[in-house]
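Everything on this sheet refers to the single structure shown next.
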Amino acid sequence: MIVITGASGQLGQLVITELLKKTAASNIVAAVRNVGKAQHLAALGVQVREADYGRPETLDQAFVGAEKILLISSNELGQRVAQHRNVIDAAKRAGVKLLAYTSVLRADTSVLGLAEEHRATEADIRASGLPHALLRNGWYLENYSEHLEPVLAHGAVLGAAGQGRISAAARVDYAAAAAAVLTAQSTPESVYELAGETAFTLTELAAEVARQSGKEIVYNDMPEAQYKSVLLEIGVPEAMAQLLSDSDAGAKQGDLEGSGAALRALIGRPTATLADALKAALKH
Ligand SMILES: NC(=O)c1ccc[n+]([C@@H]2O[C@H](COP(=O)([O-])OP(=O)(O)OC[C@H]3O[C@@H](n4cnc5c(N)ncnc54)[C@H](OP(=O)(O)O)[C@@H]3O)[C@@H](O)[C@H]2O)c1
């Protein structure tokens, strides 16, 4: 039995879809915080079980019969280390043969602020002694393609990433990679550095949006602190403004650039490009 936590999230739902291409629905458990939000997953034939990272008793129930677990990192910044520790402890009690975890690109050396919690969870996973696979995912293409409205409205991409290159990949490609690792016949690697094959700068992002939309779009680069102030001014909450500006500063130093080779090898096809993602988003 393969259990996916955070299965009601955007990545989790795609992992379930990708797993269904490789194994029977009866072999899959969608573990979710809110069972009411996962009826569409139950309709696919997979078992839906309650699993709240903050309530260990739900995790023990959710992991009954689990052979492999994918821990999808929580989106509750600041609480993730303790939440993930609950999942790791429950996975240990369940005696799973593989614990996979969605981490961040080069978590061990990344200067991104958000890498800190991932580093701590990776250390907890290693300390657990469980066989594991760290899926160190790079940035999502959707971080850009799903936020085009203000770009089109104001004719500008704002950021602090300078000319740093970003090897973003589509969520569906990271999901397919997770499904491949979870269903592999051979023992998975312990660390996968996963990124898109075609990197781009934010200047190139602006140029591609301009090309596809027919509008004039520029990239307005600014210092990290100024970018954070602008985000706060337009109503972005403090924690998110901090994360976005800090991540851009990391991108400027190359922390979101990586090789797409491992992701391509796992999914067995070229990774989706920025142009693909923008084309799909601009259709809507
Ligand atoms: N690589 C990137 O560019 C990038 C970007 C954003 C996030 N991420 C990371 O990747 C993860 C997956 O991405 P995503 O796009 O699927 O994010 P998402 O749509 O926000 O999904 C996050 C999932 O975490 C679940 N969750 C949060 N707190 C929980 C708790 N206490 N117990 C159980 N589940 C809990 C959420 O449950 P509900 O459905 O009940 O809310 C949701 O299913 C994120 O959580 C974040 O850690 C990566």
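I need to check one value: relative contact order of the chain, counting alpha carbon pairs closer than 8 Å and at least 6 residues apart, in percent.
Over the chain, the number comes to 19 percent.
Enumerate by residue number the trypsin sites (Lys or Arg not before Pro) in the range 73-163 meeting two conditions: DSSP loop (anything except H, G, I, E, B), and at most 16 other Cβ atoms within 10 Å of the site's Cβ.
Lys97
When the chain is fully extended, how far beyond the present Cα-Cα distance does Ala127 get from Ala207, taking 0.36 nm per residue of separation?
Length gained between Ala127 and Ala207: 24.2 nm.
Which whole DSSP H helices in the chain pass both tests: a Cα extent of 15 Å or more along the axis and a mean Kyte-Doolittle value no lower than -0.5?
Span-like helices here: 10-20, 171-183, 202-213, 238-252.
Work out Dmax and Rg for the range 10-78 from the C-alpha atoms and quote the Rg first, both in angstrom.
Reported Rg and Dmax, both Å: 11.8, 36.
Given points 7 Å out from each Cα along the Cα-Cβ axis, report the Ala43 to Thr183 separation in nanometres with one decimal.
2.2
Per the helix-only calculation at 222 nm, which mean residue ellipticity applies to the chain, given -39500 (n - 2.57) for every DSSP H run of n ≥ 4 and division by its residues, nearest 500 deg cm²/dmol?
Roughly -13000 deg cm²/dmol at 222 nm, from the helical runs in the chain.
Pull up all non-local amide H partners of Arg49: gap of 5 or more, or a different chain, and H-to-H distance under 5 Å with H placed in the peptide plane.
Those lying under 5 Å, H to H, from Arg49 are Ala30, Ala31, Val32.
Taking the simple approach of a point 7 Å from Cα along Cα-to-Cβ for both Glu116 and Val191, what is their distance in nm?
Label-label distance for Glu116 and Val191, simple model: 2.1 nm.
Show me 5-15, 227-237, 197-207, 55-65 ranked by packing, highest mean number of other Cβ atoms within 10 Å first.
The densest-packed peptide leads the list: 5-15, 197-207, 55-65, 227-237.
On a 32 Å Cα-Cα criterion, which of the cross-link pairs Lys252/Lys283; Lys97/Lys279; Lys21/Lys279; Lys92/Lys252 come out too long?
Result: Lys97/Lys279; Lys92/Lys252 exceed 32 Å.
None of the figures in this text is laboratory data; all of them are computed from the coordinates on show. Note that the structure is a prediction, hence the values are computed from the model and not measured. Because the Cβ atoms are built from the backbone with ideal geometry, glycine has one as well, and the counts that use them run over all protein chains shown.
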